[in-house]
Amino acid sequence: MDYIILDIEFNGRKFASDLPMEVIEIGAVRLNEALEPVNEFTALIKPVYFAKLNEFIKKKTGIPQEGIDAAESFPTVMTAFLSWLGPHENFLILTWGGEDMKRIVFDTRMHKMDDAYWLEAKYYDLLKGYIRYKGVSNDVSVEAALLDLGLGGEDNNAHRALEDARMTGDIFRAVFNELDFSRIQHYVDVFSNAKERKLVKNAIRIIAQQKVTPTWAMIAEHVLSNKISLEDPRKVAELEAYFDAEMAKPRKVKPPAAAAAAPAPTE
């Protein structure tokens, strides 16, 4: 089985907008079973909604506006990428976080292309695998992981998709024997974000500390409704399921305070 180290760049938005963010570059490295790089894919993509790159993206990625102007459309690039990938049964995709798969699926749908290939492809979130291996809770960047592993990383300022995929491949090789591949997954639509789920988790903890049993209705009405939009029923259902899962976990019970030592008997 091959390993596909995937990285994408997508255009940012300076202000909130209902228009979708779009993939503007794909970079991928194919590793064989011996974890040796055997092939690469890279392509810029001309966006539909945000044709002009903002200054943040140009500075972050180093992608020139002329390159975007001359790039092919998402359907054209994606057709070439799928041909390069081949049957999804023959490889495992590696990403640094879940955003890359999400953005590819979203843009595939935006362009009315069939998303079945991406929903059936197996992928492994190397970022989560890395932080489990390190025993930390906070996300880390590719560059920080490289530094931590003694593989360099301090000079990598420009975020181009292919270069990031190569660096992610270096991390993958370094920690391969420490990874839990039982956590291989398929893409699943997620309608809430980590901040919203953390609100639920913290609300459970705070309410429980007041010796009150938390309920979903209580949290939805008194915590979430004041901080996030609950108009999407899919998000509400997802957060409620997260609440149920958190409530099903065993709660930590503090041991009772040690009894004061009895006074020594007097004669």
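Conditions tested, residue by residue: (1) within 21 Å of the chain's Cα centre (by Cα); (2) within 23 Å of Glu9 (Cα to Cα); (3) assigned to a helix (DSSP H, G or I).
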{"position": "Gly169", "(1), (2), (3)": "yes, yes, yes"}
{"position": "Phe172", "(1), (2), (3)": "yes, yes, yes"}
{"position": "Val188", "(1), (2), (3)": "yes, yes, no"}
{"position": "Ala203", "(1), (2), (3)": "no, no, yes"}
{"position": "Ala217", "(1), (2), (3)": "no, no, yes"}
Somewhere in region 54-64, is a residue assigned by the TED database to the domain that holds Gly169 and over 25 Å from the mean Cα position of the chain (by Cα)?
yes
Hey, can you tell me all the residues within region 79-98 that are open to solvent by 50 Å² or more (accessible area, probe 1.4 Å) and under 14 Å from Ile24 (Cα atoms)?
none
Between Lys128, Lys46, Lys134, which is assigned by the TED database to the domain that holds Leu162, open to solvent by 20 Å² or more (accessible area, probe 1.4 Å) and over 28 Å from Ser182 (Cβ atoms)?
Lys46
Identify, by number, the condition in (1) under 25 Å from Thr42 (Cα atoms); (2) open to solvent by less than 70 Å² (accessible area, probe 1.4 Å) that Val223 doesn't meet.
(1)
Identify, from the list Glu55, Glu36, Glu72, Glu40, the residue that is closer than 16 Å to Asp2 by Cα and free of Cβ contacts under 8 Å to residues at least 40 places away in the same chain.
Glu36
More than 28 Å from Leu119 (Cβ to Cβ), touching a Leu at 6+ places or on another chain (Cβ under 7 Å) and open to solvent by 60 Å² or more (accessible area, probe 1.4 Å), is that true of Lys249?
no
Residue by residue through region 48-106, note down the ones that are modelled with pLDDT under 90, aromatic (Phe, Trp, Tyr) and under 21 Å from Glu163 (Cβ atoms).
Phe56
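Modelled with pLDDT under 95, hydrophobic (A, V, I, L, M, F, W, C) and outside the structural domain of Glu99 (by the TED database): is that true of Leu239 in this structure?
Considered against the rule, which asks whether it is modelled with pLDDT under 95, hydrophobic (A, V, I, L, M, F, W, C) and outside the structural domain of Glu99 (by the TED database), Leu239 comes out as no.
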Just one of the numbered conditions (1) in contact (Cβ under 8 Å) with a residue 60 or more places away in the chain; (2) not in a helix (DSSP H, G or I) is not true of Met101; which one?
(2)
Every residue from region 106-145 that is in a helix (DSSP H, G or I) and farther than 30 Å from Pro75 by Cβ
Lys128, Gly129, Tyr130, Ile131, Arg132, Tyr133, Lys134, Glu143, Ala144, Ala145
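The values are calculated or read from the model by the stated rules, or taken from the named source; none is laboratory data. As the structure is a computational prediction, the values presented were derived from the model and not from experiment. Here Cβ is always computed from backbone atoms with ideal geometry, including for glycine, and neighbour counts include all displayed protein chains. Heavy atoms of the whole protein, side chains included, go into the accessibility calculation; ligands, DNA and RNA do not. Shrake-Rupley method; radii C 1.70, N 1.55, O 1.52, S 1.80 Å.
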